[in-house]
2 protein chains.
Amino acid sequence: MFREEVEAFMRQFQQYLVQALETCDGGAAFKADEWQHAEGGGGVSRIIENGAVLEKGGVNFSAVHGQLSPSFLKMLEMPDPQFFATGVSVVMHPHSPMVPITHMNVRYFEAGNGTAWFGGGIDLTPIYVDLNQARAFHEAMQEVCAKHHPSYYPEFKKWADDYFYNQHRAETRGVGGIFFDRLMATEEFSLEQRFAFVRDVAYAFAPAYTAIINQNRNLAFGEQEKQWQLIRRGRYVEFNLVYDRGTKFGLATGGRIESILMSLPQYASWVYNHQPAPGSAEEKTLHYLKKDIDWLSVEV
Amino acid sequence: MFREEVEAFMRQFQQYLVQALETCDGGAAFKADEWQHAEGGGGVSRIIENGAVLEKGGVNFSAVHGQLSPSFLKMLEMPDPQFFATGVSVVMHPHSPMVPITHMNVRYFEAGNGTAWFGGGIDLTPIYVDLNQARAFHEAMQEVCAKHHPSYYPEFKKWADDYFYNQHRAETRGVGGIFFDRLMATEEFSLEQRFAFVRDVAYAFAPAYTAIINQNRNLAFGEQEKQWQLIRRGRYVEFNLVYDRGTKFGLATGGRIESILMSLPQYASWVYNHQPAPGSAEEKTLHYLKKDIDWLSVEV
């Protein structure tokens with residue numbers, strides 16, 4: 001069955017990614033927590049804490065089935081409450097403010113009426129925007145998309161800009177990346193082709209992120225950079241709790257709270273009306289937390 | 001006009017409360033930020049930072065009018081988009097984990113069709129539950145309610161239990177207090193009587209909270225208590241961003257972001273799957289973060 005094939009991929013991808021991040025970190029192992037979903041299925045959360053680079057992070061696999069609540073059905077515009085969902089969700093919070101936060105997710109959803117789709121995305125949240133790295137990161141996203149369709153990168157890059165957005169602050173979460181949802185079988189693409197794209201996205205994540213870790217892990221920083229990191233993490237918390245659909249879906253479908261909220265950082269800060277000093281590196285970063293920046297041709 | 005009388009009370013109450021908290025803190029002054037609402041009216045945020053007791057806190061006054069968005073109209077079950085709202089909102093985050101976080105709010109709302117009501121509440125979020133203090137705090141709430149109607153305390157205490165609740169963790173935010181909304185003119189109560197109750201609630205806050213501050217401000221604490229405080233503050237952030245209607249209303253009606261989010265603490269923490277040690281003071285506190293505890297007769 002296709003569903004089982006996708007689930008098997010997700011399980012295997014989790015193991016691969018844990019291995020890749022553990023090797024890159026070099027200071028701590030991911031622990032494993034298995035959990036069961038009340039209605040059926042469950043997951044495995046792999047959590048790293050106090051690594052050499054990664055302060056806190058998770059690589060979560062889940063494969064659950066059950067019935068959506070009426071309010072959630074309405075939100076998803078679904079006719080049938082039965083669902084099956086499997087995926088891997090990743091958030092990494094490094095110790096150093098010089099190493100960006102990152103998030104990635106690949107997921108597959110089947111509704112009771114047989115409708116099935118893939119979704120996913122990768123996005124980068126630097127505490128300090130480095131234009132070369134943002135460009136290289138988007139080039140990697142562009143490359144994996146281009147293998148499957150020329151429209152994928154421009155479309156999914158814009159989707160990420162619109163999705164990873166703190167509306168109430170008119171501020172993107174970071175420099176974006178790609179985001180896509182409801183990639184169904186169409187006349188143009190079979191579900192197998194969508195799956196092939198999602199596999200490639202999944203395997204593009206570790207090389208792109210570990211390259212940035214390795215470039216930045218030894219950069220010096222001080223108290224000012226650490227404070228700015230805590231503030232930027234506060235914005236990350238705002239996005240995840242106010243807007244993130246994965247978080248909402250998890251809470252609404254009785255997901256495991258600790259696995260869903262592993263996305264929140266070890267430490268975060270809110271400073272009343274914080275305004276970076278004019279001309280500072282912090283102010284420069286804010287300047288780049290905007291939608292619709294063409295990262296592939298950004299002038300460095 | 002009644003509306004203007006209520007607005008004048010809210011302004012005056014803000015000044016009184018800032019004075020009372022400043023005197024109690026003794027280490028810092030509240031600064032003032034005035035802001036204008038896009039559609040009409042505005043507010044004054046009074047913010048304290050790095051006081052002797054209070055690490056971060058706000059006493060916000062606002063009086064705004066405008067039009068509610070269609071989705072918000074539906075949520076409030078209102079027929080007419082015109083609204084006027086005035087109130088004072090307060091959150092205090094002390095430095096010491098031995099001093100509880102607190103929140104209070106009094107508000108008045110007028111819909112375009114002339115419907116008008118009061119709302120408000122006071123609740124206490126101890127990092128470590130002290131049964132004597134929780135009882136004394138609820139006695140103060142009971143006393144102010146009893147002056148106006150015998151049903152008020154039991155009804156509004158239950159409402160606070162149900163409202164200040166992190167559903168996803170099956171955990172109350174703290175030891176509750178009172179919460180009420182849509183107190184309209186009825187056969188039993190005139191709008192003036194509702195207003196008299198709200199004024200009494202407002203003036204009951206400072207004595208109840210400053211008594212607790214003064215009892216606890218010199219209690220010793222260490223690293224373990226500080227870590228627990230950061231985790232409890234994380235839960236506070238979860239409640240405010242996921243559930244709090246005041247926050248949602250503020251964000252949806254174009255309120256001033258920094259005034260709305262002054263409720264978030266200077267520092268907070270999320271630790272994966274944190275479990276207090278059996279028999280610890282932290283575990284004892286979790287035991288009391290439940291609905292429907294009768295604090296007036298709790299055994300100490």
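Are any residues in the range B:98-128 assigned to a loop (DSSP other than H, G, I, E, B) and crowded, with 23+ Cβ neighbours inside 10 Å, and if so, which ones?
B:Val99, B:Pro100, B:Pro126, B:Ile127 - these are the residues of the range B:98-128 that are assigned to a loop (DSSP other than H, G, I, E, B) and crowded, with 23+ Cβ neighbours inside 10 Å.
Criterion first (within 10 Å of chain A (Cβ to nearest Cβ) and surrounded by fewer than 19 Cβ atoms within 10 Å (Cβ to Cβ)) does B:Val242 satisfy it? Give the steps one after another, and end with the answer.
Values: within 10 Å of chain A (Cβ to nearest Cβ): yes; surrounded by fewer than 19 Cβ atoms within 10 Å (Cβ to Cβ): yes.
Yes: the conditions hold for B:Val242.
For the structure I just gave you, tell me whether A:Ala20 is more than 14 Å from every other protein chain (Cβ to nearest Cβ), at pLDDT 95 or above and buried (at least 17 other Cβ atoms within 10 Å of the Cβ).
yes
Filter the range B:23-34 down to residues that are surrounded by 17 or more Cβ atoms within 10 Å (Cβ to Cβ) and closer than 19 Å to B:Glu258 by Cα and give me whichever is farthest from the other protein chains (Cβ to nearest Cβ).
Among those that are surrounded by 17 or more Cβ atoms within 10 Å (Cβ to Cβ) and closer than 19 Å to B:Glu258 by Cα, it is B:Phe30.
Can you find a residue that is surrounded by 15 or more Cβ atoms within 10 Å (Cβ to Cβ), within 14 Å of chain B (Cβ to nearest Cβ), in a helix (DSSP H, G or I) and of a type in the set (A, V, I, L, M) anywhere in the range A:222-232?
Yes, that holds for at least one residue.
Tell me which residues, restricted to the range A:274-300, are touching a His at 6+ places or on another chain (Cβ under 7 Å) and assigned to a loop (DSSP other than H, G, I, E, B).
Those that are touching a His at 6+ places or on another chain (Cβ under 7 Å) and assigned to a loop (DSSP other than H, G, I, E, B): none in the range A:274-300.
Pairs needed: first member in the range A:251-273, assigned to a helix (DSSP H, G or I); second member anywhere, of a type in the set (D, E, K, R); C-beta distance under 8 Å; at least 6 residues apart or different chains.
A:Ile257/B:Arg169; A:Glu258/A:Asp33; A:Ser259/A:Asp33; A:Leu261/B:Glu238; A:Met262/A:Lys56; A:Ser263/A:Asp244
For the range B:169-190, name all the residues that are surrounded by 19 or more Cβ atoms within 10 Å (Cβ to Cβ) and not in a loop (DSSP other than H, G, I, E, B). Break it down stepwise before answering.
The first filter runs over the range B:169-190 and keeps only residues surrounded by 19 or more Cβ atoms within 10 Å (Cβ to Cβ), leaving B:172-180, B:183.
Correct list: B:Thr172, B:Gly176, B:Gly177, B:Ile178, B:Phe179, B:Phe180, B:Leu183.
Give B:Gly66, B:Gly87 a once-over and let me know the one that is touching a Lys or Arg at 6+ places or on another chain (Cβ under 7 Å), more than 14 Å from chain A (Cβ to nearest Cβ) and of a type in the set (Gly, Ala, Ser).
The unique qualifying residue is B:Gly87.
Out of curiosity, is A:Gln193 more than 19 Å from the chain's Cα centre (by Cα) and either more than 14 Å from chain B (Cβ to nearest Cβ) or not in a helix (DSSP H, G or I) (or both)? Walk me through how you get there before you give the answer.
Numbers: more than 19 Å from the chain's Cα centre (by Cα): yes; either more than 14 Å from chain B (Cβ to nearest Cβ) or not in a helix (DSSP H, G or I) (or both): yes.
So A:Gln193 passes the test.
So is B:Ala38 touching a helix residue (DSSP H, G or I) at 6+ places or on another chain (Cβ under 6 Å), assigned to a loop (DSSP other than H, G, I, E, B) and either surrounded by fewer than 17 Cβ atoms within 10 Å (Cβ to Cβ) or at pLDDT below 95 (or both) or not? It would help to see each step written out before you state the result.
Working: touching a helix residue (DSSP H, G or I) at 6+ places or on another chain (Cβ under 6 Å): no; assigned to a loop (DSSP other than H, G, I, E, B): yes; either surrounded by fewer than 17 Cβ atoms within 10 Å (Cβ to Cβ) or at pLDDT below 95 (or both): yes.
No.
Can you pull out every residue in the range A:50-63 that is within 13 Å of chain B (Cβ to nearest Cβ) and surrounded by fewer than 17 Cβ atoms within 10 Å (Cβ to Cβ)?
Across the range A:50-63, the qualifying residue is only A:Asn50.
If I go through the range B:245-300 residue by residue, how many of them are out of contact with any strand residue (DSSP E or B) (no Cβ under 7 Å at 6 or more places or on another chain), more than 14 Å from chain A (Cβ to nearest Cβ) and of a type outside the set (A, V, I, L, M)?
Qualifying residue count for the region: 15.
Does A:Asn218 satisfy the condition of being at pLDDT 95 or above and either within 12 Å of another protein chain (Cβ to nearest Cβ) or assigned to a helix (DSSP H, G or I) (or both)?
On the way: at pLDDT 95 or above: yes; either within 12 Å of another protein chain (Cβ to nearest Cβ) or assigned to a helix (DSSP H, G or I) (or both): no.
Criteria not met by A:Asn218.
The values are calculated or read from the model by the stated rules, or taken from the named source; none is laboratory data. All values derive from a computational prediction rather than experimental measurement. Positions of Cβ are generated from backbone atoms using ideal geometry, with glycine treated the same way; all protein chains shown enter the neighbour counts.
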